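S.K.: Have a look at this one.
The values are calculated or read from the model by the stated rules, or taken from the named source; none is laboratory data. Computed from a prediction, not measured in an experiment: that's the story for all the values here. Here the Cβ is made from the backbone with ideal geometry for all residues, glycine too, and neighbour counts use every protein chain on show.
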Amino acid sequence: MTLNEFFEQHNRVALAFSGGVDSSYLLYAAMQAGAKVKAYYVKAQFQPQFEFDDAMKLAGQLGADVRIIRADVLADPQVAANPADRCYYCKRNIFSRILEAAGEDGYSLILDGTNASDRADDRPGMRALKEMEVRSPLRECGLTKAMIRELSREAGLFTWNKPAYACLATRIPEGTEITEELLTMTEQAEDYLFSLGFTDFRVRMVKNGFAGLQFPEDQIGRAFEMRQQISAKLKDSFGYTKVLLDLENRNGQ
């Protein structure tokens with residue numbers, strides 16, 4: 001099945017939209033196929049401001065219909081407690097809101113941007129999507145991440161080479177309660193590193209207020225050279241007690 005064939009069969013859809021590579025291309029493809037599509041962006045504490053800005057920029061360029069839903073995910077104690085299956089409870093929380101809003105707008109089919117490169121095992125977040133009957137056309141049509149990036153580039157979407165970005169909650173160790181303060185520290189620290197020209201990195205809360213910095217291999221050397229400046233800024237401005245540089249490649253979430 002191709003995406004065009006999918007949207008011929010399902011021509012009125014609601015899309016969980018993050019502004020990332022996958023959901024951006026899926027929004028574009030739905031509109032190109034002539035489907036009636038409405039995008040839903042859930043603005044919660046786990047998404048940094050730049051993700052929201054990118055999503056609104058992309059939607060504006062496409063002329064897409066977007067509804068913004070504000071959510072306090074930390075009000076859910078099962079999310080805030082940060083258990084091993086936190087993503088399950090978070091996805092249930094977020095997609096319940098999308099389902100409710102989409103229903104109000106007259107949409108019954110919810111789509112997300114999971115692609116064919118995403119692991120197909122029973123991860124908590126994937127389990128939640130399955131339980132809520134969320135469809136993933138990119139996966140169903142066999143489109144891998146590399147294919148989606150190339151198709152996005154051909155379509156002129158600025159998101160085509162956007163680095164993968166896992167939510168801020170992934171920076172906080174499992175079992176450590178997630179608070180507004182920890183999320184703010186993380187976002188501010190990562191914004192600072194972005195301002196220095198670093199990309200595709202993570203600032204992880206390790207323990208006792210320690211920051212663990214993870215960079216792609218080609219950026220580790222520069223980070224080491226700037227270690228004193230970076231360490232001073234993260235401690236003096238954002239409240240970290242110690243800054244550690246992970247010398248292994250950054251990968252995964």
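S.K.: For residues that are part of a helix (DSSP H, G or I), touching a residue at least 24 places away in the same chain (Cβ under 8 Å) and among the charged types (D, E, K, R), scanning just segment 132-159, find the one that is farthest from L183 (Cα to Cα).
M.R.: E140
S.K.: Within segment 142-149, identify whether any single residue is over 28 Å from T2 (Cα atoms) and either surrounded by 15 or more Cβ atoms within 10 Å (Cβ to Cβ) or not polar (S, T, N, Q) (or both), and answer yes or no.
M.R.: So the first thing to find is which residues in segment 142-149 are over 28 Å from T2 (Cα atoms), and the list is none.
Checking segment 142-149: not a single residue is over 28 Å from T2 (Cα atoms) and either surrounded by 15 or more Cβ atoms within 10 Å (Cβ to Cβ) or not polar (S, T, N, Q) (or both).
S.K.: Only one of these is of a type in the set (D, E), modelled with pLDDT of 95 or more and over 25 Å from K43 (Cα atoms): E187, E225, E177. Name it. Even if it seems obvious, please write down each step before you answer.
M.R.: Numbers: E187 fails: over 25 Å from K43 (Cα atoms); E177 fails: over 25 Å from K43 (Cα atoms).
Selected residue: E225, the only one of E187, E225, E177 that is of a type in the set (D, E), modelled with pLDDT of 95 or more and over 25 Å from K43 (Cα atoms).
S.K.: With the condition kept exactly as written, say whether any residue in segment 167-175 is of a type in the set (V, I, T) and not assigned by TED's automatic domain parsing to the domain that holds P77.
M.R.: In the first step, residues of segment 167-175 are kept if they are of a type in the set (V, I, T); the result is 170, 172.
Now narrow it down to the ones that are not assigned by TED's automatic domain parsing to the domain that holds P77: 170, 172.
Yes - at least one qualifying residue is present in segment 167-175.
S.K.: Taking helices (runs of 4 or more DSSP H) that fall entirely within segment 20-129, which contain at least 1 residues that are modelled with pLDDT of 95 or more and more than 21 Å from F6 (Cα to Cα)?
M.R.: Working: elements: 21-32, 49-62, 77-80, 86-104.
Once the helices (runs of 4 or more DSSP H) in segment 20-129 are filtered for at least 1 residues that are modelled with pLDDT of 95 or more and more than 21 Å from F6 (Cα to Cα), what remains is 49-62, 77-80, 86-104.
S.K.: Moving on. Filter segment 207-218 for residues that are more than 19 Å from G20 (Cβ to Cβ) and surrounded by fewer than 20 Cβ atoms within 10 Å (Cβ to Cβ) and give the result.
M.R.: Once the filter is applied, which keeps residues that are more than 19 Å from G20 (Cβ to Cβ) and surrounded by fewer than 20 Cβ atoms within 10 Å (Cβ to Cβ), segment 207-218 yields K207, N208, G209, F210, G212, E217, D218.
S.K.: A further question follows. Restricting attention to segment 62-72, does a residue exist that is in contact (Cβ under 8 Å) with a residue 12 or more places away in the chain and either of a type in the set (S, T, N, Q) or not assigned by TED's automatic domain parsing to the domain that holds K130 (or both)?
M.R.: no
S.K.: In segment 81-109, what count of residues is obtained for those that are in contact with a Leu (Cβ under 9 Å, 6 or more places away or on another chain) and basic (K, R)?
M.R.: Residues in segment 81-109 being in contact with a Leu (Cβ under 9 Å, 6 or more places away or on another chain) and basic (K, R): 1 in total.
For (1) farther than 28 Å from S23 by Cβ; (2) under 18 Å from the mean Cα position of the chain (by Cα); (3) not in a helix (DSSP H, G or I), each residue gets a yes or a no:
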| residue | (1), (2), (3) |
| --- | --- |
| T176 | yes, no, yes |
| E181 | yes, no, no |
| Y192 | no, no, no |
| V203 | no, yes, yes |
| R222 | yes, no, no |
| I230 | yes, no, no |
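S.K.: Follow-up. Among (1) touching a Pro at 6+ places or on another chain (Cβ under 9 Å); (2) modelled with pLDDT of 95 or more, which single condition is I148 missing?
M.R.: Failing condition for I148: (1).
S.K.: Taking segment 1-17 on its own, how many of its residues are in a loop (DSSP other than H, G, I, E, B) and buried (at least 23 other Cβ atoms within 10 Å of the Cβ)?
M.R.: Restricting attention to segment 1-17, the residues satisfying the condition of being in a loop (DSSP other than H, G, I, E, B) are 1-2, 10-11, 17.
Next, from what is left, pick out any that are buried (at least 23 other Cβ atoms within 10 Å of the Cβ): 17.
Of the residues in that region, 1 qualify.
S.K.: Restricting attention to segment 160-174, report how many residues are surrounded by fewer than 19 Cβ atoms within 10 Å (Cβ to Cβ), hydroxyl-bearing (S, T, Y) and assigned to a loop (DSSP other than H, G, I, E, B).
M.R.: 0
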